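Structure, as structure tokens:
The values are calculated or read from the model by the stated rules, or taken from the named source; none is laboratory data. Being a predicted model, the structure only gives us computed values, none of them experimental. Backbone-built Cβ (ideal geometry, glycine too); neighbour counts: all protein chains shown.
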Amino acid sequence: MSSLNLTAEQQDHLRAATPQLWLNPQYLQDRAILAAPEVDALYEAEARLQRFAPLLAILFPELQASGGLIESGLTDTQPFGTEFTKGCEGRLFLKADHQLPVAGSIKARGGIHEVLCFAEALARQEGLLDAEGDYRALNNAAAKEVFSRYRVSVGSTGNLGLSIGIMSAALGFKAEVHMSADAKDWKKQRLTDRGVKVIEHQADYGAAVAAGRAAAEADPYGYFVDDERSPHLFMGYAVAALRLESQLQAAGVRVDAEHPLFVYLPAGVGGAPGGIAFGLKMLFGRYVHCFFAEPVQAPCMLLGMAGNAGDAPVSVSEFGLSIDTEADGLAVGTASQWVCDATRNLISGVYTAPDASLYRQLYRLKQFADTEVEPSAAIGCLGPEVLTGEAGRAYLQAHKLEGLMKNATHIAWLTGGSFVPEQEYGRYLDKARVIAGV
């Protein structure tokens, strides 16, 4: 096993699948150069999404009101009452990525941006854009004929597959999603209904990715979206930070030395939370504190971040864990080394939680905020409570934040749920009520 920045007690917690907060000893040290994305790429990603916005408004009627931009709201929890925010010192917001249009999850920005990067490169290569560069021209027969020659594929537990598959099919590409055994049936059906080919694998996320990558490499017209090491995905996710900055300003929220910002991000293989954290650190520097959140059965990013630059991430199986979690979007056994190396010094820590805790938060979101999410999306709501524990207090003390918490802003990132079928969500809620004892 590679050298890990974990104490014996922390390793015991991992093996026993008990919750903990791991604080990153490499936080704010000099960043590794390996695979570090350039800041300019963040602004280029935002510009690309703006260029494509008029076309997206045509392809997806639900985007007409926003002019083709895909973004979610920032919800202040103060109206939900003190019972919802109990234990949270400061102000708590929910970032409503569960309501992102088109794909319905945090994966929408990154996945759609990746497909648009590929489409843009082909369009320029084939001379499909007119002199004015009007991207609405890519909705004509000539563009669709070119795009139809190519196969865009991805390996996914569900949500990334939705964003890649739906966007690819809408543009006219052959779309193919390799899905792991733990992917939900309704997600497979939603893809099939959109004309996407779903290939099921009776194995985990890693096997689905490997199969998809191999198939694309064997196809001269294949393009594989690699969630484990894609700068295009990463920067598409990072755009969320630019949008959040504007939303915080509109809400009158300051982020500075006297007003710290804490952000809690559900983490699977790491691309989406890593990209968002990268963007936030670029904008707010030391004043934002980003924590990843994972199920106790799938703490792959904790193990990945606990390694050292250049080290291959350790699989959760080496700690006897089975990835047995109902948080399907977070059911990943091995983190992305690329993401770990790109963000290793930017992440404050990682906390883990059992599925029962996720379901309690799912119930609270419905009870107090009338908000419906997947179990994996609810894990971010535990963040403020986690900070009140021994490790959380140690972090606040080490960074001289204890006296500033009354001025703090907390953001729980809700990552998916609006497309969950009513019957499926009903099952989630029934289970959540039993766990909550109501």
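Can you tell me which residue is nearest to residue 233 (Cα to Cα) among those in the stretch 163-176 that are touching a strand residue (DSSP E or B) at 6+ places or on another chain (Cβ under 7 Å) and aliphatic (A, V, I, L, M)?
164
Right, residue 67: surrounded by fewer than 13 Cβ atoms within 10 Å (Cβ to Cβ), more than 21 Å from residue 266 (Cα to Cα) and either in contact with a helix residue (DSSP H, G or I) (Cβ under 8 Å, 6 or more places away or on another chain) or aromatic (Phe, Trp, Tyr) (or both) or not?
When the stated conditions are applied, residue 67 passes them.
Take residue 304 and tell me if it is over 17 Å from residue 23 (Cα atoms) and of a type outside the set (A, V, I, L, M).
Taking the combined requirement at face value, the residue does not satisfy it.
Name the residue, out of 352, 343, 371, that is modelled with pLDDT of 95 or more, of a type in the set (S, T, N, Q) and buried (at least 24 other Cβ atoms within 10 Å of the Cβ).
352
Six or more apart or on different chains, Cβ under 9 Å: which pairs go from a residue in the stretch 120-147 that's of a type in the set (Val, Ile, Thr) to one that's surrounded by 11 or more Cβ atoms within 10 Å (Cβ to Cβ)? Could you list them?
146/122; 146/123; 146/126; 146/128; 146/172
What number of residues within the stretch 145-161 satisfy the criterion of being farther than 15 Å from residue 271 by Cβ and either at pLDDT below 95 or surrounded by fewer than 14 Cβ atoms within 10 Å (Cβ to Cβ) (or both)?
Qualifying residue count, the stretch 145-161: 4.
Residues 190, 149: which one is in a helix (DSSP H, G or I), among the basic types (Lys, Arg) and not assigned by TED's automatic domain parsing to the domain that holds residue 275?
190
Only residues in the stretch 149-169 that are within 12 Å of residue 223 (Cα to Cα) count as the first member; pair them with residues that are among the basic types (Lys, Arg) and in a strand (DSSP E or B), Cβ under 6 angstrom, at least 6 apart or cross-chain, and list the lot.
151/174
In the stretch 223-335, which helices (runs of 4 or more DSSP H) lie fully inside it and hold 1 or more residues that are buried (at least 24 other Cβ atoms within 10 Å of the Cβ), free of Cβ contacts under 8 Å to residues at least 60 places away in the same chain and not charged (D, E, K, R)?
Counting at least 1 such residues, we get 271-284, 300-305.
State all residues of the stretch 193-210 that are assigned to a helix (DSSP H, G or I) and either of a type in the set (A, V, I, L, M) or surrounded by fewer than 24 Cβ atoms within 10 Å (Cβ to Cβ) (or both); if no residue qualifies, say none.
193, 206, 207, 208, 209, 210
Looking at 412, 394, 432, which is the one that is within 23 Å of residue 106 (Cβ to Cβ), in a helix (DSSP H, G or I) and not assigned by TED's automatic domain parsing to the domain that holds residue 184?
432
Check whether at least one residue in the stretch 165-186 is crowded, with 20+ Cβ neighbours inside 10 Å, within 18 Å of residue 332 (Cβ to Cβ) and basic (Lys, Arg), and report yes or no.
Looking for residues that are crowded, with 20+ Cβ neighbours inside 10 Å, within 18 Å of residue 332 (Cβ to Cβ) and basic (Lys, Arg), one finds none in the stretch 165-186, hence no.
Here are 409, 388: which of them is crowded, with 19+ Cβ neighbours inside 10 Å and polar (S, T, N, Q)?
None of the other options fit; the residue is 409.
May I ask you to verify whether residue 105 is touching a residue at least 40 places away in the same chain (Cβ under 8 Å), farther than 19 Å from residue 281 by Cα and crowded, with 19+ Cβ neighbours inside 10 Å?
Taking the combined requirement at face value, the residue satisfies it.
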